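Values in this text are rule-based calculations from the coordinates and carry no lab data. Computed from a prediction, not measured in an experiment: that's the story for all the values here. We place every Cβ from the backbone using ideal geometry, glycine too, and count neighbours over all the protein chains shown.
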Amino acid sequence: MRTPIIKNRKMETIKEKKSVFTEVNNKLDHVESMLMDFTKSKLVIMDKEYHLRDWMTLSDYCKKYNIKPSRLSNWIERGVVPGGSLIVIPELNGLKLIKDQAFMARSYRTRASAAAY
């Protein structure tokens, strides 16, 4: 008889932990944004300014948008990521920064579905 009550309490605890984690994560993002605004961090390359709050490394981009580095590399080669959304910094050993926005590859019909037409 007591088992359902214990399960319900465990589920409530898990839900509370998830909501607390989400809330803390959102607050940290807000603090980071405030710090970036406060410091006005920017990168100047060839007399052009780039605000760092709008750019991130390829590794950070992959983590944030949950994609594999090989997929991002393919997107860059195929032009899914436009040239204006990628910066290469030669002074920092060719470090690449990508604009912090979601990119999506176009979907193609598979060979099997194309053969059916």
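Worth pointing out:
- Largest-first principal axis extents of the Cα set of region 42-105 (Å): 32, 21, 19
- J(HN,Hα) series, region 61-74, from Karplus relation 6.51 cos²θ - 1.76 cosθ + 1.60, nearest Hz, glycine and proline x: 4, 4, 5, 5, 9, 6, 10, 7, x, 5, 5, 4, 4, 5
- A straight Cα-to-Cα reach below 19 Å connects residue 64 with the lysines 18, 27, 96, 99, residues fewer than 8 places away in its own chain not being considered.
- Region 42-105, relative contact order [Cα under 8 Å, separation at least 6], %: 34
- If a spin label sat at a point 7 angstrom from the Cα of residue 48 along the line to its beta carbon, the backbone N atoms of region 75-98 nearer than 14 Å would be those of 82-90, 97-98.
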